[in-house]
């Protein structure tokens, strides 16, 4: 029998790694990720989790240690945020290109300066070209479920890719919510023992990431791109099976009250639940609005996006990240680009806000939808507009 | 994977490169001929050479081949022309010659 317990997002993440029976955790503490690695260190120390815990001198070393552990055949987990995430950035490319299915919780946090510790997606969005699978959790249950299913997707012999599970700093990492924890026996049934087909072994020598001349680099990268794109099919299968075992089904894009909606709002992460309330209020007033929530950011779910906006005339993309000097937040510019050829008849409007943990109220989400409609009708002087920013 | 390991580099397509950074057989570097990176080539003067083998020991690319008669011959498929062999030779028997002059 599963248990319904009160857990903050960090403990839900640690619990998922424990129930996945990870072999190695290598991590360096950084706010707001600290509770995850503290809890895992505690579990290892008191014997709850039989794993190696490698305390390292930096995030660059953390990801390097994870890479080595994964190459040696260990199920490997780590967690980080913001500046620490940047320090491991170079190694992220090695781990994905060497097909090492490490799972990492990334506790989304704004990038300094100004010095800060609060949530936005400025850190997460810089990883979009690293070749990792990226999942965005809306609540603590999804944090648990995405880490567990992340191991299964990443380790699938057709995929062999690392997975980032993004959870909002403080809003999820430090907030206690009800989380349904499965029985260990159910988890073991869903997630088989880790077996990588290309494990380093002195008796069977192998080379990883040897030098590549201009003659072969492009072919290697094209194959990596195709592999990442195809992992979406595996994610769909795994989530289907996850639903059969645990009763919760996930999709790359969630649709909330989209029936007959001409106007759609798109969100990611924990603010999606606030947006749902705004949609409920507008629906109660008879407005034809709906919400789509992006769970899978990489590989980008093109087909699911086309389907989700099929009946819509306006899509308002809310971004929790500012792309300085660019064409709007990354999700906005990518969504608009994805729809450019397919849907000449749909307007896509970008709005940026809630940077660095600033709250957005239900009323502000309602205003966002109203302003989006105005922009779609009359245009805007800006390439993208901001919401809740003074001046 | 089997295709990747048996074809030459220029024959490989992206379809061959699935999990392309993992090579399951050792010795893949043999297939990457780096000799054309060279601008200078080592030329051995057998009159001066005393067969000590220092050039062979120091060559970072194992690009000097020991011959049956005890002399050493640069393998021009892999020699990058770094000049270490010429530098360490106690008899000054190895001269670096500009490729253009040959």
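Taken together, the values in this text are just the output of simple stated rules run on the coordinates, not laboratory data. Here the structure is a predicted model, which means the values were calculated and not measured. Every residue, glycine as well, gets a Cβ built from its backbone with ideal geometry; the counts of neighbours run over all protein chains shown.
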With every atom except the alpha carbons ignored, what do you get for Rg and Dmax of chain A, in angstroms? 20.7, 70
Summing -39500 (n - 2.57) over every DSSP H run of at least 4 residues in the protein assembly as shown and dividing by its residue count gives a helix-only mean residue ellipticity at 222 nm, to the nearest 500 deg cm²/dmol, of -10500 deg cm²/dmol
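When you count, for each residue, the other Cβ atoms within 10 Å and take the mean per peptide, how do A:227-233, A:34-40 rank with the highest first?
Peptide ranking by packing, descending: A:34-40, A:227-233.
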With a cut-off of 17 Å, note down the residues of region A:190-211 whose backbone N falls inside the zone around a label point 7 Å from the Cα of residue B:6 toward its beta carbon. none
Here the tail fraction of P(r) beyond 16 Å, over all Cα-Cα pairs of region A:266-323, rounds in percent to 51 percent
Figure the gain on full extension for residue A:222 and residue A:89 (residue separation times 0.36 nm, minus the Cα-Cα span) and round it to one decimal in nm. 45.8 nm
I'd like the orientation of helix A:362-378 relative to chain A: the angle between its Cα long axis and the longest Cα principal axis, in ° from 0 to 90, rounded to 10. 60 degrees
Computed from the beta carbon distance with a Förster radius of 30 Å, FRET efficiency for residue A:378 and residue A:303 to the nearest 0.05 stands at 0.40
Return P(r) of chain B (all Cα-Cα pairs; 5 Å bins starting at 0; whole %; ordered from short to long distances). 2, 12, 20, 17, 13, 11, 9, 8, 5, 2, 0
Does region A:253-386 come out rounded, prolate or oblate, given a ≥ b ≥ c as the square roots of the eigenvalues of its C-alpha gyration tensor, rounded meaning a/c under 1.5 and, failing that, prolate meaning a/b above b/c? rounded
Tell me the label-point distance for the pair residue B:88, residue A:342, using the 7 Å Cα-to-Cβ offset, in nm and rounded to one decimal. 6.0 nm
Normalised contact order of chain A, rounded percent, pairs of Cα under 8 Å and 6 or more residues apart: 16 percent
Isotropic mean projected area of the C-alpha convex hull, region A:1-79 (nm²): 5.5 nm²
Take chain A, connect every pair of alpha-carbon atoms lying under 10 Å apart with a spring to form a Gaussian network, then pick out the residue of A:292, A:375, A:153 with the largest mean-square fluctuation. A:375
Put a dot 7 Å past each Cα toward the Cβ at residue A:175 and residue A:259; how far apart are the dots in nm? 2.8 nm
Need one value for A:220-231: mean number of C-beta atoms belonging to other chains within 10 Å of its residues' C-beta atoms. 4
A:387, A:147, A:30 arranged by Cβ crowding within 10 Å, fewest neighbours leading: A:387, A:30, A:147
Output the relative contact order of chain B, whole-number percent, from Cα pairs under 8 angstrom with separation of 6+ residues. 31 percent
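Report the calculated FRET efficiency for residue A:237 and residue A:42 (r = Cβ-Cβ distance, R0 = 41 Å), to the nearest 0.05.
Here the calculated transfer efficiency is 0.75.
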Checked region A:178-315 with the C-alpha gyration tensor, a ≥ b ≥ c its square-rooted eigenvalues, rounded below a/c of 1.5, otherwise prolate if a/b is larger than b/c and oblate if not; verdict oblate
Tilt, helix A:217-246 to longest principal axis of chain A (alpha-carbon atoms), in degrees rounded to tens, equals 80 degrees
When Cβ neighbours within 10 Å are restricted to other protein chains, what is their mean count per residue of peptide B:28-34? 2
Can you work out the PRE-style zone for residue B:58? Point 7 Å along Cα to Cβ, and I want the residues of region B:72-98 with backbone N under 13 Å. B:82-96
Least to most buried among A:215, A:254 (fewest other Cβ within 10 Å first): A:215, A:254
Quote to one decimal, in nm, the extra length available between residue A:158 and residue A:57 on full extension: 0.36 nm per residue of separation minus the C-alpha distance between them. 33.0 nm
Could you work out how much longer the chain between residue A:359 and residue A:389 gets when fully extended? Use 0.36 nm per residue separation minus the Cα distance between them, nm to one decimal. 9.7 nm
Inter-chain Cβ neighbour average for residues A:202-215, partner chain, 10 Å: 4
Neighbour-count ranking for A:164, A:63, A:19 (other C-beta within 10 angstrom, fewest to most) reads A:19, A:164, A:63
Whole-number D in µm²/s for region A:136-188 (Stokes-Einstein; Kirkwood sum over Cα pairs; 10 °C, 1.306 mPa s): 130 µm²/s
With springs connecting C-alpha atoms under 10 Å apart, model chain A as a Gaussian network and identify which of A:17, A:223, A:41 has the largest mean-square fluctuation. A:223
Quick check: pseudo-label points 7 Å beyond the Cα along Cα→Cβ at residue B:37 and residue A:203, how many nm apart are they? 3.6 nm
Give the angle, between 0 and 90 degrees and rounded to the nearest 10, that separates the Cα long axis of helix A:59-71 from the longest principal axis of the Cα atoms of chain A. 60 degrees
GNM, chain A, Cα, under 10 Å: largest mean-square fluctuation among A:235, A:12, A:376? A:376
